[in-house]
Each structure stands twice: as structure tokens, then as C-alpha cells.
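In what follows, a single structure is set out as C-alpha cells and then discussed.
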Amino acid sequence: AQSVTQPDIHITVSEGASLELRCNYSYGATPYLFWYVQSPGQGLQLLLKYFSGDTLVQGIKGFEAEFKRSQSSFNLRKPSVHWSDAAEYFCAVFLGVTGNQFYFGTGTSLTVIP
Amino acid sequence: DAMVIQNPRYQVTQFGKPVTLSCSQTLNHNVMYWYQQKSSQAPKLLFHYYDKDFNNEADTPDNFQSRRPNTSFCFLDIRSPGLGDAAMYLCATSPRPVGRGRSDTQYFGPGTRLTVL
């Protein structure tokens, strides 16, 4: 079955440190890939997306993600984390086969310590 | 400027008492989605409207219904809420179904947190 996996349920980093959140998908073809951020009690905000082309994608708030076909991964990175980045991060895929097959990963909760 | 608005933000209902959640949008998007997000879980798509065409996910319980009277509004009706229906309900919109255009993506509202007593 197709799926999207975020191996890390919770990550803690120090403010100013670098960050990498992992996302893997299992699907034969290359899906459309997204990263969303959700602050407590809020809806989801799109950080970035990959459809095709350059495999390194720049997003908002200083985030970037790299699509690696060989690893079926779409990891999110930020070189220097700010306290305001503390939130839940969701990777999502759109399979584009039939209907609206848009699936979210289970999320990674990010804590930023001073 | 609010683009996807959900009312109310917090809703409390009683077990078995019908409840309606509201979503409105100022983006004039053709597609509106409803997701259910339970605590510490990923959002799960319940259904979506593409214009007036209703698309139900295969595993969405019959207890959940939706209405879209016009482009701007979409409602989620839970006919007989159970304790297991307590969750955050997210509304989202997109110009076209995701994947049909490079620039298409979903815009989410802030969600309505439903409590069932």
C-alpha cells in the first residue's frame, strides 16, 4: 500500500542549531510532495512543495527540502532554527492516480530549546 | 486577511446530537475539502467538493455528510456524533484538485475543535 512515513515522532533542537525532518514515501512513481507546518490550535500552512524539476526546493520561513528519488525521501531542512519554529510538521504526498489521493504523514513534533 | 474561515473554532455537542460545522472561503476556489484530525494523528480526508460534484472517501462513515450551497460555503454535518468523533476538523480549498496544476495547493482554515460529551 502507498504510504508516507515520518520516522521521527518528536525532535528537540537548540535554537540556532540546524534541523532535518525526515519523510519517506512508498509509491512506484514520483508523487507530488509537500511539507506543512501546524502551530498549536491552528490549521496547516504550506511550507513548500515539489512537483518536478530541481530536486532542491526552497520554501517559506527559511526552509528547504530535497527530493531524492533513489531513497524515496523528501527531507525538510533549516540551517538555523528559531524558537518560533516549534510546531508540528507534516509531510504529505499526492499520488495523482485517481480521485484526490492526498495523504499526510503522522507528523513530527518539533521542540526548540533556548 | 482571512481566506478560509471556519466557524465556530470550538464546538461542544452531546452524544448523538446533530452538529454542523461551517467553512467559508474568499478565494473563489473550485474545490473544498474536509479533513478530520484526531489528537496526535495526521489529518484524514473525509470528502471534497469539486464545484458541485461531491467526492466521498471510501472509508468515511455514513454519519458524516456535507453540503455546498454555493462556491463560498461548505458545511460538515455529523448526524449522530459519537465519542470517537471528537477531533479537529479542518477545511481546505484549492483552485483545482491537487495535482492538476503545478501551482495548485491546498489552503487550510484554522480548524474547528469538536468535543463530544
Inset, instruction - Scan segment A:41-54 and give yes if some residue there is within 13 Å of the chain's Cα centre (by Cα), charged (D, E, K, R) and crowded, with 21+ Cβ neighbours inside 10 Å, otherwise no. - result: yes
Inset, instruction - Select from segment A:68-88 the residues that are part of a loop (DSSP other than H, G, I, E, B) and in contact (Cβ under 8 Å) with a residue 60 or more places away in the chain and list them in ascending order. - result: A:P79, A:S80, A:V81, A:H82
Legend entry - Selected residue (criterion: modelled with the lowest pLDDT) from residues of segment B:83-117 that are over 22 Å from B:K17 (Cα atoms) and more than 10 Å from chain A (Cβ to nearest Cβ): B:R96
Inset, instruction - Check A:V81 against each of (1) open to solvent by less than 10 Å² (accessible area, probe 1.4 Å); (2) at pLDDT 95 or above; (3) under 12 Å from the mean Cα position of the chain (by Cα) and name the one condition it does not meet. - result: (3)
Inset, instruction - Test each condition in (1) open to solvent by less than 60 Å² (accessible area, probe 1.4 Å); (2) modelled with pLDDT under 95; (3) more than 10 Å from every other protein chain (Cβ to nearest Cβ) for B:L45 and report the one that comes out false. - result: (3)
Inset, instruction - Say whether the condition of being part of a strand (DSSP E or B) and open to solvent by 60 Å² or more (accessible area, probe 1.4 Å) is met by at least one residue in segment B:83-104. - result: no
Inset, instruction - Confirm whether B:P61 is within 25 Å of A:G107 (Cβ to Cβ) and touching a Gly at 6+ places or on another chain (Cβ under 8 Å). - result: no
Legend entry - Condition met for A:T12 (at pLDDT below 95 and out of contact with any Pro (no Cβ under 9 Å at 6 or more places or on another chain)): no
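The values are calculated or read from the model by the stated rules, or taken from the named source; none is laboratory data. Here the structure is a predicted model, which means the values were calculated and not measured. So basically every Cβ, Gly included, is an ideal-geometry build from the backbone, and we count neighbours across all protein chains shown. Heavy atoms of the whole protein, side chains included, go into the accessibility calculation; ligands, DNA and RNA do not. Shrake-Rupley method; radii C 1.70, N 1.55, O 1.52, S 1.80 Å.
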